[in-house]
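Peer 1: A single structure is presented below for examination.
Here, each number is a calculation from the coordinates, and none is a lab measurement. Bear in mind the structure is a predicted one, so any value in this text is a computation, not a measurement. Note: ideal-geometry Cβ built from the backbone for every residue, glycine included; neighbour counts use all protein chains shown.
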Amino acid sequence: MRLPNLTTADGLPLHLHHWPIPANPRGTVVLVHGLGEHAGRYAHVAAALNAAGWQVLAHDQRGHGRSGGPRGGMATPHSLLADLAQVLDAARAAHAGPRVLLGHSLGGLVAARFVAEALAPTPATWSRPVDALVLSSPALDPGLGAFQKVLLAVVPALAPNLAVNNGLQPEWISRDPAVVRAYQADPLVHDRITGRLGRFIADAGPEVLAAAPRWAVPTLLMWAGADRCVAPRGSAQFAATAPAPVLTARAWPGLAHEIFNEPEQAEVLAALTGWLSSGSVPELAVLGDDGGVHKGGAGVLTAAVAQLVAGDVKAGV
C-alpha cells in the first residue's frame, strides 16, 4: 500500500516516497535527505534496504523537492523536526515493527537533533521514540569561523526568510562524474538556503554534540573523510564522546560527502545493511587511520553566510 502525501501543521504539502516490500518486513527505515536535494535521489539506497528486508519511507523536506514551502526555508526553528514527527507517525500507523531513522548531511543533523530531544527534561511535543539511528556525513559541524558565527547571530533575526546561494559546489558531493552530472541536471535540486535554516544548522549541531555523552539510541555513524561540504570533525567529535555500547562509528577516508553515491557505494551500503542485520548494537569502533578529520573546505553554511554578506540575496521561491 502506497502512503498518501502529508500536510504539515502550517498547511504545506509534504511529498512522500515509499519503497515497500511484499511481506514480512523487518521494520521501516525513515530516510531524511540533505540540503538542496530530495528523497528521490535515494532510490538505490532504498533498493539495498528492501533487499535486506526493510521498508523505506522518506519525505521531501519542506522547501525541497516536490514538497511545499519557499526553497531552502522553514517557518519556525523546529519546522523540520515537527515535519519529521508526522512522517514517523505515518510510518507507525502503516507498519508494525521497529523504526530506524537514516539521515544524510542536513538530514543527518535533523535526525540527530530529533533523537537528542528525547534527552531533554521536558521533550517537545514533536518528540517521538525511534529504535535506531543511522547518520551519513551529518552536518554536525558546518565549519564556521568566529566572524561567520557573529554574522549568523544577526542576519537570521533581520531577514530570516531571505534566500541565498547555499555555497555547495556540485563537484564536492561525489568523485563519480556521472553522479555530479545527474545532480546538476536534476530539476528538483536547488541551491537556496534562508537565514532561518542557516540558524537551525548552526544551533542544532552543538546541541547534538552536547547531548552525545548521554546518547541512548543505537546509532551507526558513517562519514566521509574527504568531505568538503561539512566538517568531518563534527562526526569525529560525536564518535569520541557518545557512549561506546550504543555507537558504531566509521570514517571512510578519501570518500567525498555523499558516501552512498561514491564509487565505493557497494561497500558503504553493505556496512549499512550489515549493521541493521546484526541483531545487536556493536561496540564503538572508529575506523580510518586519519579519524576522518580533514581541514580545508569552508563548508556549505560558511559559504552561504559569505553570500549573505556579499549581498547575493533574493527572496525564497
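Peer 1: If you plug each phi of segment 24-30 into the Karplus form 6.51 cos²θ - 1.76 cosθ + 1.60 with θ = phi - 60°, what whole-Hz ³J(HN,Hα) values come out, in order, with x for Gly and Pro?
Peer 2: Working through the residues one at a time gives 6, x, 6, x, 10, 9, 9 Hz.
Peer 1: Quick query: amide H of V32 versus all other amide H atoms, modeled in the peptide plane; which residues come in under 5 Å with a sequence gap of 5 or more or a different chain?
Peer 2: It is L102, G103, H104, by chain and number.
Peer 1: Pulled fully out, how much extra length does the chain show between R26 and A266, if you take 0.36 nm times their separation in residues and subtract their Cα-Cα distance?
Peer 2: Result: 84.3 nm gained on full extension.
Peer 1: Further question on the same structure: Give the long-range amide H neighbours of R26: residues separated by 5 or more places, or on another chain, with amide H under 5 Å away, using H modelled in the peptide plane at 1.01 Å from N.
Peer 2: W54, Q55
Peer 1: Relative contact order of segment 6-72, please, whole-number percent, based on alpha carbon pairs below 8 angstrom and at least 6 residues apart.
Peer 2: Averaging sequence separation for qualifying contacts and normalising by length gives 41 percent for segment 6-72.
Peer 1: If you take the beta carbon distance between H44 and L188 as r and set R0 to 22 Å, what does 1/(1 + (r/R0)^6) give as a FRET efficiency, to the nearest 0.05? Could the numbers behind the result be given before it?
Peer 2: Numbers: r = 16 Å, r/R0 = 0.75.
Plugging the Cβ-Cβ distance into 1/(1 + (r/R0)^6) gives 0.85.
Peer 1: Still on this model: Return, for the Cα atoms of segment 151-265, the radius of gyration and Dmax in Å, separated by a comma.
Peer 2: Radius of gyration, then largest Cα-Cα span, for segment 151-265: 16.4, 44 Å.
Peer 1: How do 244-254, 131-141, 112-122 rank on mean C-beta neighbours within 10 Å, highest first?
Peer 2: Highest-to-lowest ranking by the protection proxy: 131-141, 244-254, 112-122.
Peer 1: Which net charge results when you count Lys and Arg as +1 and Asp and Glu as -1 among the other residues whose beta-carbon is under 13 Å from that of D83?
Peer 2: Once positives and negatives cancel, what remains is 0.
Peer 1: Once a ≥ b ≥ c are taken as the square roots of the eigenvalues of the Cα gyration tensor of segment 193-260, is the result rounded (a/c under 1.5), prolate (a/b larger than b/c) or oblate (a/b not larger than b/c)? Could the numbers behind the result be given before it?
Peer 2: On the way: a/c = 2.33, a/b = 1.11, b/c = 2.09.
Oblate shape, in that a/c is at least 1.5 and b/c is the bigger or equal ratio.
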